[in-house]
Structure formats: structure tokens, C-alpha cells
Amino acid sequence: MLLTDRIPRHVGIIMDGNGRWAELRGLPRIEGHRRGAERSREVVEVAMEIGIKNLTLYAFSIENWQRPPSEVTTLMRLLELYLKKELREFMKRGIVFKTIGETYMLPENIQLLIKEAEEKTALNKGMTLTAALSYGGRNEILRAVKKVLHSGIRPEELTEDLFNSFLDTANLPGPDLIIRTSGEMRISNFLLWQSAYSELYFTDTLWPDFTRDEFLFAIQDYQQRERRFGNISVRS
Ligand code: IPE
Ligand code: IPE
Ligand code: MG
């Protein structure tokens, strides 16, 4: 049972394991990515149903550019299809679509699709869906530092809140919960600044097998946690 008063305000997901899922079945890795994209759709649906206001999906890291060109190309093709297909769905469901990361490195046609989706959905009132694309946490922090230096803000004026406003995630609360699939227990450069007090949930399930029920289970698990933020337990 979900506690309706403890729904995380922001969930981030490191969608990992597509390649292994395919390899285990003797299929090309791209089949895993294709199946993974289906899972993303479902997770977006469930997130909306249960009232999560912000969902951030780590879809392509800045380090992922190092993969073989053929894999990068097919991932970009899938991303293109996803953006083309989902815009209508975003409008129907009132989703605000955003991206974080070095999106200028993406192929131009994808940049245009992103721009279109961001502009068209900007005034929607529903959940904010953020896609981390060509994203790296260190890269984001470094870009923010450069912007601060250029802004003329004096060192003594700089606060955590002000610094936060220079990040790609300026208008998002920090993630309450970060989920990573596929059994890897690392952050892989995802939301480094923002995850300072995130609850982490790891599962061995590969992303293409991450069902609606498992997502709900992760939320339930989160709801049982006691977040102390450095303070002592409320129970003591
Ligand atoms: C996650 O699946 C998707 C991306 C990183 C683009 P992987 O492609 O990393 O799958 P594994 O980790 O190799 O199984
Ligand atoms: C993290 O997965 C990035 C995404 C899920 C987009 P990776 O598969 O790239 O991460 P590592 O290499 O296992 O750390
Ligand atoms: Mg991986």
C-alpha cells in the first residue's frame, strides 16, 4: 500500500541493464534499448498516476559517447523516435518536458525535437519529466561554476541556493529517491550535487524487466525510510 502523504516529490532513475538484458537472450544490444524505452513509457505513466511531481530519467550519460559509434547511432535513432512519438502523449497528459546535460552535443535533428517538446510543453501543468541526455554531474557543476564566475557574483554572496540556480536542474527540488537497476551500485555521474540527501534504491532487475510493480515496490521501500538529514531520530 502506498502512503499518499509520503509520495516523493522527485524521483531520479538510472535506467541500466539494457545491453545485458539483450545479450542474455542472444539479441543485439539495441533490442534491449528498444525494450528499455517501453519501460520508460510505463514508468512515466505510473509516476503520474501516483502523483510524483518530478521524474528524471538518466537516458544517456556524457561518458556514453565513448561507446562504439554503431551503438551511439542506434541510441540516437531510438531517442529520435521516442521524442517524435511521445510529444502528443506529453500534451495529452499535461507533462512538462525538460532536458539536462550537454544537449548541444546531440545530433541536430534531436536538438530540434527537444526544443520543440520543451517549448510546446512549457505551459503544461502536470508532472515535470526531465531527460538527462549527454549528462554528467561533474560537467554540470563545472558549467555552473563558470556561469557563476562570469556573473560577477562576489564570493561572499554565493550561497547553496544561489549556486543551485546555476545548475541545469535550477527549478527542480533535489531527488528524494534515486533508483538504479541492473545490480550496479554506483551513481555513474548522475545528479552529484542534487543527490546529497537522496535515498538510494538498488535492484538487480535489468531495466527492460523493471515493471510497474517493481517501481511501486521501490516507492513503498522509500516510504519506510527515516530521513534524518544529519539530525537525530525523531523516535529518540
Ligand atoms: C542503459 O543500459 C542504457 C544506457 C546507458 C544508454 P546499458 O546499455 O548500460 O546496459 P548494460 O549496462 O550494458 O547492460
Ligand atoms: C549509466 O549507465 C548511464 C545511464 C543509465 C544512462 P552506464 O551503463 O553508462 O554506467 P556504468 O558505465 O555502468 O557506470
Ligand atoms: Mg550499463
Taking the Cα centre of the range 67-142 as origin, sum charge times position over the Cβ atoms of Lys and Arg (+1) and Asp and Glu (-1), and report the length of that vector in debye to the nearest 20.
-> 320
For the range 31-181: lysine pairs with Cα atoms under 25 Å, gap of 8 or more or different chains, count?
-> 27
In deg cm²/dmol, rounded to the nearest 500, the helical mean residue ellipticity at 222 nm of the chain, built from -39500 (n - 2.57) for every DSSP H run of length 4 or more, is -13500 deg cm²/dmol
Inter-probe distance in nm under a simple model that places probes 7 Å from Cα toward Cβ, at Lys115 and Glu23 = 3.8
Quick one: which residues, 5+ away or cross-chain, put their amide H under 5 Å from the amide H of Tyr135? H built at 1.01 Å from N.
-> Phe60, Ser61, Ile62, Glu102
In whole percents, the bins of 5 Å from zero upward hold the Cα-Cα pairs of the range 177-227 as 5, 19, 29, 24, 18, 5
Along the dipole axis of the range 4-223 (charges at Cβ: +1 for Lys and Arg, -1 for Asp and Glu; origin at the Cα centre), the most positive-end residue among Tyr222, Gly51, Thr4 is Gly51
So how much accessible area does Ser182 have, in Å² to the nearest 10, using a 1.4 Å probe?
-> 10
Among Phe97, Tyr135, Ile179, the residue whose Cα sits farthest towards the positive end of the charge dipole of the chain, when +1 is placed on the Cβ of each Lys and Arg and -1 on the Cβ of each Asp and Glu, is Phe97
For the chain, just the Cα set please: Rg and Dmax, both in angstrom.
-> 18.0, 58
Over all pairs of distinct alpha carbons, what does the Kirkwood formula give as the hydrodynamic radius of the range 96-188, in Å?
-> 15.3
Tell me, what HN-Hα J-couplings in whole Hz come from the Karplus equation 6.51 cos²θ - 1.76 cosθ + 1.60 at θ = phi - 60° for each residue of the range 5-12, using x for Gly and Pro?
-> 8, 10, 7, x, 6, 9, 10, x
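The values are calculated or read from the model by the stated rules, or taken from the named source; none is laboratory data. Keep in mind that what you see is a predicted model, and the values were worked out from it rather than measured. For neighbour counting, all protein chains shown are included, and Cβ atoms are generated from backbone atoms with ideal geometry for every residue, glycine included. Each accessible area value is taken on the protein alone, full model and side chains, heavy atoms only, with ligands, DNA and RNA left out. Shrake-Rupley method; radii C 1.70, N 1.55, O 1.52, S 1.80 Å.
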